[in-house]
Amino acid sequence: MSVPSNGQLTSGSDGDGGTLVRVKLTNNEVQNGQVTLVLINDNDAIKHGDTNELTNKSPNTNGTHHDAKMKTNQKYRAREQWANKFEFILACMAYAIGLGNVWRFPYLCYKNGGGAFFIPYFIFLIFGAIPILFLEVGIGQYFRSGGITVWKQICPLFAGIGIGTVTISFILNCYYIIVLAWAILYLYNSFSTILPWSTCDNWWNTDKCWSPLLNVTAKHDSVNSVTEFWEKRILQISPGIDQPNGIQPELAITLLIAWVICFFCIWKGVKSTGKAVYVTAIFPYVVITALFIRGITLPGASMGIKFYIFPDFERMLDSQVWIDAGTQIFFSYAIALGCMTALGSYNQFNNNFYHQLFFLTCMNSGTSFYSGFAIFSVLGYMAHEQGLTVQQVAESGPGLAFIAYPRAVATMPWSSFWAIMFFTMIILLGLGSQFVGVEGFVTAVVDLFPRYLRYGKRREWFIFWTCIISYLIGLSMVTRGGMYVFQLFDFYGASGICLLFYCFWQAFVIGWIYKADRFYNNIEEMIGFQIIPWFRWCWKWFTPAATSATLAFYVATHSSIKYNGTYEYPAWGIAFGWFLALISIIMMPITMIVIWFQTPNVPNKLRHLITPIEITHNNNNNNQMDLQK
């Protein structure tokens, strides 16, 4: 393969574990001793070897060609690539299409005007989420770097963008997997002839327990058996965050199981990740379709669907509707976390991510809309059976997955089967987002320290310790007061404030410092044609405006968190929540200060620190080589 070099250089395999390099050398260079060849891989990671064997293949005159057998360090592991384009698409689907599409979007749609909610949703999609999604994948593919190092190359002064987004990703990875721990325990309890949350004769039930199967009228102070199963059996919840009351052992075990599965999904890098996403990205659609078919055949389903999509255009005058649409779209597309950049970095340089991401966009938003029919048809059935309105049974987030839907399933024929199907879907949706998220974090750190973490089994050990540390942090959320801790992580740690903050700065840096025109040309260099100029306008104008306006509204309307709308957190709990939010935000200014003072005093220092690092690309994805004596 031809490789750029100061001299003439070609290379290939020698079939004996080494690299055979043909290079133009002078006789004096050959006679004076060994020549060291340095093979420079992506991100300046280096492997090298000595030319112990030189074979003269032409007359001994200056400038002749010699074959040099270079024994490279076999422990070094070059940067991987996806086995095919389909794996990249599935990995993006597994990460972006998660629990929020099933348990948050349908509820927000119903709450904020039904079908009218699609107006602000698609405005934020077009002006905000899609431009940032294409930006993140594009820079990853062009610079072949993870979420941290890519910003060091684009604009050294703003390298903190990468550190901040990866910090959010780590926080998200620590608490998102708790949902899987809950779902695994629910799944275990679903393998029963009679679902345990459908009755009131269990050890965890109280005198106030009521179940639709009892054929008695609920009193004003009755507590549904599903709610008691959730709070007293699964969570075993304490009165407050200041009373952890020990670890719930079953959740500690299911959390460990979730982390073990996650580890083995990614421990071999994109080779194992690429195979795992075939299951986690595709099978949930089979389950959603089965639930949809079952749901629309139930009595009362039409009532639930009507509440889901019936448009109420007067709601468009409420600013909260626009805030919900803006925050949901950025959550749903998993941007400002550094992971989409990591996934794009494993593509071949000439991969047409442009068309692939349009497909992902359709699948993501389409899944949100489609799953709403599956969910609300069942909620309509539950309202019909209990003589309630859909408003009284509709919930969002964990309340939908672990209270409302199990309550509906408990009254269906073949209830155990549908419970198993539902929680299998929840686990697969969550697992796909979880292990791809951890892969994105690992990629960012490995690319930051390639000379250390790409040798031998060090990457596997780093993944192992990342899982162990994250598991230990997660144990604080499976105590009997852990639900309160989980809600703080969820509300503050990966909140709209953090995501919108970094979405704004990503668009600003690409649009105004790196220059939108330059990135526009970079994309043309990769995919071979010009994309629509809309993206260039978004990176410069529309996306910074949309994200900054949403962020301002979000902060202006922000209110203190409450659990179940009643429990108020102590002041130290709220302070811890803001610490989780600010720990990622302050990474950018702190990094800017450190980089400024670490950089030697050079002429035009500011210009030097905002100038991107020039890179050259070999479109055949070959490694670059340089020759050093």
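Is it the case that some residue within region 400-413 is among the polar types (S, T, N, Q) and over 21 Å from the mean Cα position of the chain (by Cα)? Checked against the condition, which is being among the polar types (S, T, N, Q) and over 21 Å from the mean Cα position of the chain (by Cα), region 400-413 yields at least one hit.
Taken over region 351-381, the residue count meeting the criterion of being farther than 21 Å from Ser302 by Cα and either more than 26 Å from the chain's Cα centre (by Cα) or part of a loop (DSSP other than H, G, I, E, B) (or both) is 2. The set of residues in region 234-269 being in a loop (DSSP other than H, G, I, E, B) and of a type in the set (Ser, Thr, Tyr) consists of Ser238 alone. Tallying residues that are under 18 Å from Ala419 (Cα atoms), open to solvent by 60 Å² or more (accessible area, probe 1.4 Å) and in contact with a Ser or Thr (Cβ under 8 Å, 6 or more places away or on another chain) within region 284-331 yields 1. Within region 521-535, the residues that satisfy the criterion of being over 25 Å from the mean Cα position of the chain (by Cα) and part of a helix (DSSP H, G or I) are Asn521, Glu524, Glu525, Trp534. Just give me the residues in region 57-100 being polar (S, T, N, Q) and at pLDDT 90 or above, in sequence order. Scanning region 57-100 gives Gln81, Asn84. Taking the criterion of being open to solvent by 10 Å² or more (accessible area, probe 1.4 Å) and either in contact with a helix residue (DSSP H, G or I) (Cβ under 9 Å, 6 or more places away or on another chain) or part of a helix (DSSP H, G or I) (or both), the residues of region 382-393 that qualify are His384, Glu385, Gln386, Leu388, Thr389, Gln391, Gln392.
Here is a check on your reading of the model: is Asn202 open to solvent by 20 Å² or more (accessible area, probe 1.4 Å) and in contact with a Pro (Cβ under 7 Å, 6 or more places away or on another chain)? The answer is yes for Asn202.
Can you tell me which residue within region 332-365, out of those that are open to solvent by less than 10 Å² (accessible area, probe 1.4 Å) and among the aromatic types (Phe, Trp, Tyr), is modelled with the highest pLDDT? Here the residue is Phe353.
For region 199-227: of the residues being in contact with a Phe, Trp or Tyr (Cβ under 7 Å, 6 or more places away or on another chain) and of a type in the set (A, V, I, L, M), which is modelled with the lowest pLDDT? By that ranking, first place goes to Ala218.
Taking (1) farther than 30 Å from Gln236 by Cα; (2) modelled with pLDDT under 95; (3) open to solvent by less than 40 Å² (accessible area, probe 1.4 Å); (4) out of contact with any Gly (no Cβ under 8 Å at 6 or more places or on another chain) in turn, Arg459 satisfies each apart from (4).
Is it fair to say Phe376 is modelled with pLDDT of 90 or more and not aliphatic (A, V, I, L, M)?
So Phe376 fails the test.
For first residues located in region 572-586 and farther than 12 Å from Val485 by Cβ and open to solvent by less than 60 Å² (accessible area, probe 1.4 Å), partners that are part of a helix (DSSP H, G or I) and small (Gly, Ala, Ser) and lie 6+ apart or on another chain with Cβ distances below 6 Å form the pairs Ser584/Gly164. In the set (1) open to solvent by less than 10 Å² (accessible area, probe 1.4 Å); (2) β-branched (Val, Ile, Thr); (3) closer than 30 Å to Ala419 by Cα, Val279 fails one condition alone, (1). Annotation: of all residues in region 223-237 being buried (at least 18 other Cβ atoms within 10 Å of the Cβ) and not β-branched (Val, Ile, Thr), the one that is nearest to Met477 (Cα to Cα) is Leu235.
Could we say that Val555 is hydrophobic (A, V, I, L, M, F, W, C) and modelled with pLDDT of 95 or more here? Answer is no for this residue. Return a yes/no flag: does region 407-417 have any residue that is out of contact with any Ser or Thr (no Cβ under 7 Å at 6 or more places or on another chain), closer than 16 Å to Ala183 by Cα and small (Gly, Ala, Ser). No, every residue in region 407-417 fails to be out of contact with any Ser or Thr (no Cβ under 7 Å at 6 or more places or on another chain), closer than 16 Å to Ala183 by Cα and small (Gly, Ala, Ser). The residue of region 526-571 that is nearest to His355 (Cα to Cα), among those that are of a type in the set (D, E, K, R) and open to solvent by 80 Å² or more (accessible area, probe 1.4 Å), is Lys562.
Elements of the type helices (runs of 4 or more DSSP H) sitting completely within region 81-182 and holding at least 1 residues that are within 25 Å of Pro612 (Cα to Cα), in contact (Cβ under 8 Å) with a residue 60 or more places away in the chain and touching an Asp or Glu at 6+ places or on another chain (Cβ under 6 Å): these cover 149-154. Between Leu448, Leu472, Leu428, the distinction of being open to solvent by less than 40 Å² (accessible area, probe 1.4 Å) and either under 20 Å from the mean Cα position of the chain (by Cα) or not aromatic (Phe, Trp, Tyr) (or both) belongs to Leu428 only.
In region 79-117, which residues are charged (D, E, K, R) and closer than 25 Å to Ala401 by Cα?
Residues satisfying the conditions are Arg104, Lys111.
Looking at region 431-438, can you tell me whether even one residue there is in contact with a Ser or Thr (Cβ under 8 Å, 6 or more places away or on another chain) and open to solvent by 30 Å² or more (accessible area, probe 1.4 Å)? Among the residues of region 431-438, not one is in contact with a Ser or Thr (Cβ under 8 Å, 6 or more places away or on another chain) and open to solvent by 30 Å² or more (accessible area, probe 1.4 Å), which makes the answer no.
The values are calculated or read from the model by the stated rules, or taken from the named source; none is laboratory data. What you are looking at is a predicted structure, and each value in this text was computed from that prediction instead of being measured. No Cβ is skipped: glycine too gets one built from the backbone with ideal geometry, and neighbour counts run over all protein chains shown. Side chains included, ligands, DNA and RNA excluded: accessible areas come from the protein's heavy atoms. Shrake-Rupley method; radii C 1.70, N 1.55, O 1.52, S 1.80 Å.
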